[in-house]
Amino acid sequence: MKKRVEQWLKLSVLPPIGAAVIRGLGRTMTIDAQGYEPVEALRRQGGHFILSFWHAQQLMVALELEHRGIEVDVLISQHQDGGIIARIISRFGHRAVRGSSTRGGALALRELIRLGRSGADLVVTPDGPKGPRQVVKLGVVQLAKATGLPIVPLAFCCSKKNSSRAGIGSWSHSPGLAASISGAPPSGSRATPTTRRWNRHGSSLKRS
């Protein structure tokens, strides 16, 4: 009985709190996004893609994708912690496909292939929840070959500092976290990524 109550609390209470914390952090950050142009070009042409980034970066990237109006199907493990993450990302408009290399992986891969072929954008963390950390496994390559979708590497990093950026039409000097989200050209693409910068503080969005 105690375990059931604990599980209910984790799955019912933690996701809304976690989503609120992530949104709160997002409001305190100065965001510098780079290299999204190939993704935007794919979207304008009606194309789809597989976003790939390290496991520890899932939740903040989910927030950034929501800001860009991108909804994705995300591979998430069947572990209980994966259930919490799945419920958190659903609050940002994303959907979970449950499975990993240790449990449910084959079924999850088949589901991702079906979704990718039907026109969905996918997300895979190529190092997985069990690692080795930041070491790419073959699953993302197999998924790309089976769906024909390009792989788009993505990364999120942040540091605490007082930040202001010159060269922005309307900018503010505000203490807090400085975050950077960087993308690369899709696999098989020769496009050279350029940079798009903006400040986001509170609910404002200020583009250069």
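Every read-out reported here was derived from the displayed coordinates using simple, explicitly stated rules and does not represent laboratory data. Predicted model only: the values in this text are computed from it and were never measured. Backbone-built Cβ (ideal geometry, glycine too); neighbour counts: all protein chains shown.
Data for the structure
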quantity: Separation of the Ser12 and Arg27 label points, Cα + 7 Å toward Cβ, nm; calculated: 2.7 nm
quantity: Nearest-0.05 FRET efficiency for Leu138 and Ala41, computed from C-beta distance (R0 41 Å); calculated: 0.90
quantity: Exposure proxy ranking, count of Cβ atoms within 10 Å, fewest first, for Leu138, Leu143; calculated: Leu138, Leu143
quantity: Label-point gap, in nm, between Cys157 and His79 - each point 7 angstrom along Cα→Cβ; calculated: 2.5 nm
quantity: Net charge over other residues, Cβ less than 14 angstrom from the Cβ of His79 (K, R count +1; D, E count -1); calculated: +4
quantity: Calculated FRET value between Gln34 and Val5, using beta carbons and R₀ = 30 Å, to 0.05; calculated: 0.10
quantity: Ranked His94, His55, criterion: other C-beta atoms within 10 Å, fewest first; calculated: His55, His94
